[in-house]
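Read through the structure below, which is laid out as structure tokens, and then see the notes.
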Amino acid sequence: MRVALFVTCVNDTLYPDTGRAVVTLLERLGVEVDFPAAQTCCGQAQFNTGYRYETEPLVRRYARAFEGYDHIVTPSGSCVAMVRDNYPRIGEKAAAEGRGDELAEIAASVVPRTYELTEFLVDVLGVTDVGAYFPHTVTYHPTCHGLRMLGLGRRPVELLSHVKGLELRELPGADECCGFGGTFAVKNAAVSAAMGADKARHISETGASAVCTVDNSCLMHIGGTLARLGSQTRPVHLAEILASTEEHPYAPGGIR
Amino acid sequence: MSGGTYLGMPAFPEAASESTQNKQLRANLTHATHTIRDKRAKAVAELADWPQLRAAGAAIKNRTLRHLDHYLEQVEAAVEAAGGHVHWAADADEANRIVIDLVRMTGETEVVKVKSMATQEIGLNEALGEAGIRAYETDLAELIVQLGDDLPSHILVPAIHRNRSEIRDIFAKEMGNWGRPAPDGLTDRPAELADAARLHLREKFLRAKVGVSGANFMVAETGTLVVVESEGNGRMCLTLPETLISVVGIEKVVPTWQDLEVFLQLLPRSSTAERMNPYTSMWTGTTDEDGPQTFHLVLIDNGRTDTLADTVGRQALRCIRCSACLNVCPVYERAGGHAYGSPYPGPIGAILTPQLRGTQSKLDASLPYASSLCGACYEVCPVAIDIPEVLVHLRERVVQGGEVTLRGSRTTIKPAKGHAAERAAMRAARWALDHPAALRGGQRLAARTRRLHPKRLPGPGKAWTETREVPAVPAESFRDWWQRTRGKETK
Ligand code: SF4
């Protein structure tokens with residue numbers, strides 16, 4: 001089984017801890033994982049802002065970088081949704097524009113091999129207890145892509161419920177969008193901020209030490225809002241919780 | 001918001017940044033939308049076959065739209081056979097002219113109106129007003145909007161942005177200018193407000209000789225029109241006047257009564273969270289000595305055929321105007337309906353308005369961006385319109401331009417103005433992302449200068465740092481860590 005990590009451009013540049021956590025976790029579970037350096041970005045921001053033609057080279061790059069791997073695992077729900085929902089559309093549109101089937105074939109080849117981390121753990125490896133230890137109170141925000149586009153369902157919560165020492169606090173209004181939305185966060189900053197403030201309030205009200213998601217882009221917005229509001233709750237990617245063990249506990253950036 | 005016109009409204013982000021600051025509006029909307037969205041979820045959960053109903057609704061609409069020419073001619077023939085008259089209007093102006101002429105032929109100078117989205121879309125009340133004909137809205141919420149010289153902000157509950165005490169003030173102040181005044185000492189108790197409206201409207205129902213309506217559905221096989229409502233005021237307008245004029249979008253047709261059955265299950269549960277709506281009025285042409293003796297059907301296109309020509313965007317024509325997507329939309333909840341600058345607010349407005357009106361104006365070009373793409377609208381839509389997909393498709397049209405159909409002919413449109421800096425940034429980002437060495441160079445530069453990064457950014461970054469901290473750039477990117485610790489790179 002050849003497994004590649006698609007770390008995503010956001011994690012590569014801003015949240016390398018999350019990438020390291022995925023590597024640690026998978027290796028602990030006996031999975032050998034590669035990082036093909038030709039990878040960069042799935043093209044989500046370009047595509048969702050309307051720049052489909054600017055996205056096409058990134059679709060090709062993704063396919064080239066991960067050629068030959070059985071599984072492409074990524075700690076980002078929205079990037080998986082980009083590949084799964086939008087790569088086929090990009091292929092279809094290119095074909096409709098008389099530019100052949102190349103992109104459609106690329107989409108067909110990468111879509112079935114691309115997995116969000118919790119999908120890979122639960123569906124491919126068949127584990128829900130990954131032997132993690134995280135002695136903190138945690139609330140889980142499911143994210144729109146995780147909830148509605150990928151339909152992750154109970155996978156993340158199942159994984160969290162087996163983490164030793166972790167106390168899960170239910171998040172009110174969990175299914176509501178945090179307001180990030182990529183370029184929406186700056187194009188419609190007022191509405192995005194209002195949504196973020198409501199999400200932050202719900203999170204703070206749980207009293208949890210940490211809020212976790214399957215996506216650091218939402219977490220960047222949520223964490224940035226929480227910090228500005230002076231909240232004590234810290235953003236942590238789910239992978240970092242699952243990577244944490246009693247021997248090698250999560251080295252916190254301020255978890256109480 | 002006042003003046004009853006959408007002309008000259010600012011782009012969505014500007015309008016929304018103002019309305020999000022309005023605490024009263026936010027509170028009204030949050031309360032109202034959360035109440036109805038919870039009720040809808042319960043009403044829908046009662047039906048085990050909801051997914052199948054939803055799929056059937058989408059499929060029936062798709063098939064009808066594919067053969068729309070056929071079904072429309074069937075409607076025309078059936079309505080005429082039943083004693084009605086059918087008129088075709090290519091756009092809003094033509095539709096308004098037709099209705100004005102029809103009212104003038106009766107010699108009347110006032111009409112009573114059933115709540116209708118199509119007549120708002122074409123600005124019929126204003127056009128009638130200019131022609132010296134007074135149109136009276138009779139739906140309770142539309143009455144509140146009309147008396148308040150206001151604009152609707154929701155498809156189903158147009159006065160959702162008003163609370164009880166505001167409504168009381170509007171009734172007390174304005175009813176007298178439009179007909180029977182509000183009783184003295186009117187309070188904001190709902191029963192009293194409803195009573196005042198009933199007395200005010202009853203006078204109009206009994207006097208009016210002409211009624212104007214829209215329709216929720218037209219059944220092609222018999223030429224029957226259907227209006228679904230809660231109050232019964234629509235029923236009054238549809239039965240009491242001598243002449244009835246119905247203005248209906250061409251996409252409202254369903255082929256058969258069996259098809260209608262699907263929508264009469266989907267619509268009330270999605271819309272008002274009712275198992276069945278209180279009043280369903282149906283009429284087929286005219287009937288001797290029963291109801292209006294003259295019936296006119298005005299079929300409007302007004303951008304629908306152009307929309308139909310777009311293989312991705314056409315799904316918006318499946319819409320049955322239930323407003324479920326508004327009620328779950330986090331952006332609508334905070335921005336309010338007026339920010340969308342058309343009678344169609346919320347997610348459906350964000351995909352319908354730029355198709356019906358085009359993306360030329362600043363406002364219309366901003367609508368496809370009025371969404372975080374959270375997908376809640378798609379999830380609840382009873383005819384499975386993938387609104388996020390259409391939003392992104394229309395964003396492409398805004399920034400890339402491309403082939404569209406305008407007034408029936410294929411045209412290539414240029415990208416909208418005002419996106420030059422963004423386009424350059426997207427291109428630069430794409431270049432760097434297609435050259436991993438350049439990406440790495442950028443990451444290292446950012447890491448080296450990380451202590452110097454400001455907490456508050458200027459320019460477009462300001463929109464982020466107004467309310468959010470920026471993430472700290474790490475000392476080492478993931479790819480550098482991998483190379484340092486794992487030595488070799490694969491590929
Ligand atoms: S788009 Fe769907 S959910 Fe929204 S109003 Fe139309 S039918 Fe209802």
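The values are calculated or read from the model by the stated rules, or taken from the named source; none is laboratory data. Quick caveat: nothing in here was measured; it's all calculated off a predicted structure. Please note: Cβ atoms are built from the backbone with ideal geometry, for glycine as well, and neighbour counts cover all protein chains shown. Accessible surface is based on the protein model in full, side chains and every heavy atom, while ligands, DNA and RNA are left aside. Shrake-Rupley method; radii C 1.70, N 1.55, O 1.52, S 1.80 Å.
Could you tell me whether B:Thr280 is in contact with a Ser or Thr (Cβ under 6 Å, 6 or more places away or on another chain) and either closer than 23 Å to B:Leu206 by Cα or of a type in the set (Ser, Thr, Tyr) (or both)?
no
Which one of the conditions (1) touching a residue at least 40 places away in the same chain (Cβ under 8 Å); (2) under 15 Å from A:Thr8 (Cβ atoms); (3) at the interface with chain B (Cβ under 9 Å from one of its Cβ atoms) does A:Arg52 fail to meet, given that it meets all the rest?
Condition (2) is where A:Arg52 drops out.
Quick one: in region A:66-87, of everything that is surrounded by 17 or more Cβ atoms within 10 Å (Cβ to Cβ) and free of Cβ contacts under 8 Å to residues at least 60 places away in the same chain, which residue is nearest to the other protein chains (Cβ to nearest Cβ)?
Ranking the qualifying residues of region A:66-87, first place goes to A:Asn86.
Take the residues of region B:30-46 that are among the β-branched types (Val, Ile, Thr) and touching a residue at least 24 places away in the same chain (Cβ under 8 Å): which is least open to solvent (accessible area, probe 1.4 Å)?
In this case the residue turns out to be B:Thr33.
If the requirement is being farther than 30 Å from B:Ala90 by Cβ and either assigned to a strand (DSSP E or B) or touching a strand residue (DSSP E or B) at 6+ places or on another chain (Cβ under 8 Å) (or both), which of these qualifies: B:Leu264, B:Leu260, B:Leu193?
Unique residue meeting the criteria: B:Leu264.
Could you list all residues from region B:440-455 that are away from chain A (no Cβ under 14 Å) and either in a helix (DSSP H, G or I) or at pLDDT 85 or above (or both)?
Across region B:440-455, the qualifying residues are B:Arg451, B:Leu452.
Looking only at residues that are buried (at least 19 other Cβ atoms within 10 Å of the Cβ) and more than 18 Å from B:Leu53 (Cα to Cα) in region B:254-284, which one is nearest to the chain's Cα centre (by Cα)?
B:Ser281
Give me the helices (runs of 4 or more DSSP H) completely within region B:317-362, filtered to those with at least 3 residues that are within 19 Å of B:Asn216 (Cα to Cα) and not assigned by TED's automatic domain parsing to the domain that holds B:Ala90, ordered by residue number.
Ranges flagged: B:324-328, B:346-356.
Just wondering, is there one or more residues in region B:414-429 that are at pLDDT 85 or above, more than 45 Å from the chain's Cα centre (by Cα) and open to solvent by 30 Å² or more (accessible area, probe 1.4 Å)?
no
If you check B:Ala416, B:Ala384, which single one turns out to be on the phi > 0 side of the Ramachandran plot, in contact with a helix residue (DSSP H, G or I) (Cβ under 6 Å, 6 or more places away or on another chain) and either touching a residue at least 24 places away in the same chain (Cβ under 8 Å) or assigned to a strand (DSSP E or B) (or both)?
B:Ala384
Among the residues of region B:322-335, is any within 13 Å of chain A (Cβ to nearest Cβ), β-branched (Val, Ile, Thr) and touching a residue at least 12 places away in the same chain (Cβ under 8 Å)?
Yes: one or more hits.
Kindly evaluate B:Asp188 against the criterion of being out of contact with any Gly (no Cβ under 6 Å at 6 or more places or on another chain) and not in a helix (DSSP H, G or I).
So B:Asp188 passes the test.
Suppose we keep only residues that are buried (at least 24 other Cβ atoms within 10 Å of the Cβ) and over 20 Å from A:Met82 (Cβ atoms) within region A:96-137. Which one would you say is farthest from the other protein chains (Cβ to nearest Cβ)?
A:Phe134
Would you list the helices (runs of 4 or more DSSP H) that sit entirely within region B:1-101 and hold 3 or more residues that are away from chain A (no Cβ under 14 Å)?
Helices (runs of 4 or more DSSP H) meeting the threshold: B:23-45, B:50-66, B:68-81.
For region A:7-24, which residues satisfy the criterion of being without any contact (Cβ under 8 Å) to a residue 60 or more places away in the chain, open to solvent by 10 Å² or more (accessible area, probe 1.4 Å) and either under 13 Å from the mean Cα position of the chain (by Cα) or more than 8 Å from chain B (Cβ to nearest Cβ) (or both)?
A:Cys9
Filter region A:151-166 down to the residues that are touching a residue at least 40 places away in the same chain (Cβ under 8 Å) and closer than 24 Å to A:Thr225 by Cβ, then identify the one that is nearest to the other protein chains (Cβ to nearest Cβ).
Top of the filtered list is A:Leu152.
Can you name every residue in region B:333-385 that is hydrophobic (A, V, I, L, M, F, W, C) and within 9 Å of the ligand (Cβ to nearest atom)?
Selection gives B:Ile348, B:Ile351, B:Leu352, B:Cys377, B:Val380, B:Cys381, B:Val383, B:Ala384, B:Ile385.
Filter region A:224-233 down to the residues that are surrounded by fewer than 24 Cβ atoms within 10 Å (Cβ to Cβ) and within 10 Å of chain B (Cβ to nearest Cβ), then identify the one that is nearest to the chain's Cα centre (by Cα).
A:Gly224
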